[in-house]
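This report concerns only the one structure given below.
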Ligand SMILES: [Zn+2]
């Protein structure tokens, strides 16, 4: 069966364990907004962002170490153009269980240490100095 041109542009489907991963991750890691809260932005909804771009993004749809929970506002205005080390800092602070910097480097066909832990920790420190506290509290 031929696929329509529109259908071809749809993002790939998430694996079943994405739904499990969402449990307890119902808030935006950047602004802390969650469904049901008032919003000055409309429409506002929660989304999953992949922290790698371009040809790697299709694979990232299936890899929990690439997932970031965000509202559509922060997705478009911040995460979409955020340096990778900072995105990894958000991942480390909010989803340590699935944080895997080396795997992200390898997925991008770079060396396992292309982005170092120190680079991520510098971003963690910058976030904390700016007053950022992850939902579960400080590390
Ligand atoms: Zn947000």
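Figures for the structure shown
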read-out: Filter result for residue 46 (without any contact (Cβ under 8 Å) to a residue 12 or more places away in the chain, within 12 Å of the ligand (Cβ to nearest atom) and under 20 Å from residue 136 (Cβ atoms)); value: no
read-out: Residue tally, condition in a helix (DSSP H, G or I) and surrounded by 14 or more Cβ atoms within 10 Å (Cβ to Cβ), over the stretch 123-139; value: 4
read-out: Residue 25 touching a residue at least 60 places away in the same chain (Cβ under 8 Å) and in a loop (DSSP other than H, G, I, E, B); value: yes
read-out: Sole exception among (1) out of contact with any strand residue (DSSP E or B) (no Cβ under 6 Å at 6 or more places or on another chain); (2) outside any loop (DSSP other than H, G, I, E, B) for residue 57, by number; value: (1)
read-out: Given (1) modelled with pLDDT of 90 or more; (2) more than 12 Å from the ligand (Cβ to nearest atom); (3) out of contact with any strand residue (DSSP E or B) (no Cβ under 6 Å at 6 or more places or on another chain), number of the condition residue 2 does not satisfy; value: (1)
read-out: Residues of the stretch 60-77 that turn out to be surrounded by 18 or more Cβ atoms within 10 Å (Cβ to Cβ), touching a residue at least 40 places away in the same chain (Cβ under 8 Å) and in contact with a strand residue (DSSP E or B) (Cβ under 9 Å, 6 or more places away or on another chain), as a count; value: 8
read-out: Number of the condition not met by residue 114 [criteria: (1) closer than 22 Å to residue 23 by Cβ; (2) not in a helix (DSSP H, G or I)]; value: (1)
read-out: Test for residue 40: is it more than 19 Å from residue 114 (Cα to Cα), surrounded by fewer than 12 Cβ atoms within 10 Å (Cβ to Cβ) and away from the ligand (no atom under 16 Å from the Cβ); value: no
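The values are calculated or read from the model by the stated rules, or taken from the named source; none is laboratory data. If you're wondering where the values come from, they're calculated on a predicted model, not measured in any experiment. Cβ coordinates were reconstructed from backbone atoms using ideal geometry, including for glycine residues, and neighbour counts include every protein chain displayed.
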